[in-house]
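The values are calculated or read from the model by the stated rules, or taken from the named source; none is laboratory data. These numbers were taken from a predicted model, which means no experiment stands behind them. With ideal geometry, Cβ positions are generated from the backbone for all residues, glycine too; neighbour counts draw on all protein chains shown.
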Amino acid sequence: MDPHIDPNGAPVSIAVISDIHANLPALEAVLAHADAQGAERIVCLGDVVGYNASPAACVDLLRAREGLVCLLGNHDAMASGLDDLRGINPMAHKAMSWTREQLDDDRRAWLAGLPLRHDDGPAVYVHASLHGTREWEYVRSPEAAARCLDALDGAVCFVGHSHIPGAWVRDADGVRAVSDDAVSVDPSGKLLVNVGSVGQPRDGDRRACYVIYDQKAGTVVRHRVEYDAAAACSAIIAAGLPEALADRLR
Ligand code: ZN
């Protein structure tokens, strides 16, 4: 039995976070925000590390959360040694080589042991997509969203990976994007939610991004959270990581 499922099967409120990328101030701010909203569980869609300056601290902070569900992301796979660094861009390569040095055997083993997907009632959680899950396919187009939704048995799938929040539904007319900050889960429908990125948003809003999935109400609400980006930038510079990684947070 999945130890993360509430033994009474009671619906709970779940903070779904993704792509923390070793940004400790952003992770702290999001966890505090989720706690204040009454979220009872954290599901992390992966990419705990990579790019920013606090990989070990982010791993430790997440691991300390009771009932945490955390999935494997592509950066976690590289940092833990599951995947090699071939094919990634020079900046990511430099950050990943540095990240590997910051993680001891215990933390690398924890990352390497993370699962690729989590199923919980009508919801499925993966890092990138249900289609080409281990190939880390990006959901950035209606076509990619359709491929993911085709592989969805349940009513809702949560993904991250692109760092761009969004949602798509499949209805009689096909797959269409939904622009609202809050969407409802139709038990007989198909919904795909990209939860955005905690530690390196790429949609022009520099605030940390995540969603709260309220199983009881059947709603998914997006939240943007202010955090100390200047501290995250200073840590990047102090670590000797590429300055462009700090520019990305500003
Ligand atoms: Zn990522």
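Matching residues to (1) at pLDDT 95 or above; (2) in a helix (DSSP H, G or I); (3) over 24 Å from residue 53 (Cα atoms); (4) hydroxyl-bearing (Ser, Thr, Tyr):
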residue	(1), (2), (3), (4)
109	yes, yes, no, no
130	yes, no, yes, no
147	yes, yes, yes, no
161	yes, no, no, no
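Determine, yes or no, whether residue 249 is touching a residue at least 24 places away in the same chain (Cβ under 8 Å), over 25 Å from residue 95 (Cα atoms) and buried (at least 16 other Cβ atoms within 10 Å of the Cβ). Criteria not met by residue 249. Of 238, 208, 232, all but one fail to be surrounded by fewer than 16 Cβ atoms within 10 Å (Cβ to Cβ) and either farther than 28 Å from residue 151 by Cα or hydrophobic (A, V, I, L, M, F, W, C) (or both); the exception is 238. Within region 200-212, the set of residues being at negative phi and not in a strand (DSSP E or B) comprises 200, 201, 202, 203, 205, 206, 207. With the checklist (1) surrounded by 18 or more Cβ atoms within 10 Å (Cβ to Cβ); (2) within 15 Å of the ligand (Cβ to nearest atom); (3) at pLDDT 95 or above in hand, flag the one item residue 138 doesn't pass. With (1) surrounded by 18 or more Cβ atoms within 10 Å (Cβ to Cβ); (2) within 15 Å of the ligand (Cβ to nearest atom); (3) at pLDDT 95 or above applied to residue 138, the lone miss is (1).
Of all the numbered requirements in (1) surrounded by fewer than 20 Cβ atoms within 10 Å (Cβ to Cβ); (2) in contact (Cβ under 8 Å) with a residue 24 or more places away in the chain; (3) within 15 Å of residue 71 (Cβ to Cβ); (4) of a type in the set (Ser, Thr, Tyr), residue 133 misses one, and that requirement is (2). The C-beta contact set for region 38-55 (first residue closer than 19 Å to residue 112 by Cβ, second residue charged (D, E, K, R) and assigned to a loop (DSSP other than H, G, I, E, B), distance under 6 angstrom, 6+ apart or interchain) comprises 47/19.
Residue-wise test of (1) under 17 Å from residue 159 (Cβ atoms); (2) away from the ligand (no atom under 15 Å from the Cβ); (3) outside any loop (DSSP other than H, G, I, E, B).
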residue	(1), (2), (3)
11	no, yes, no
15	yes, yes, yes
29	no, yes, yes
53	no, yes, no
57	no, yes, yes
82	no, yes, no
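Checked against the criteria, residue 156 counts as away from the ligand (no atom under 15 Å from the Cβ), among the β-branched types (Val, Ile, Thr) and surrounded by 22 or more Cβ atoms within 10 Å (Cβ to Cβ). Considering region 61-84, the residues that are without any contact (Cβ under 8 Å) to a residue 24 or more places away in the chain and farther than 18 Å from residue 133 by Cα include one that is surrounded by the fewest Cβ atoms within 10 Å (Cβ to Cβ), namely 66. With the condition kept exactly as written, say whether any residue in region 213-227 is assigned to a strand (DSSP E or B), more than 16 Å from the ligand (Cβ to nearest atom), in contact with a His (Cβ under 7 Å, 6 or more places away or on another chain) and touching a residue at least 12 places away in the same chain (Cβ under 8 Å). Yes: region 213-227 contains one or more residues that are assigned to a strand (DSSP E or B), more than 16 Å from the ligand (Cβ to nearest atom), in contact with a His (Cβ under 7 Å, 6 or more places away or on another chain) and touching a residue at least 12 places away in the same chain (Cβ under 8 Å).
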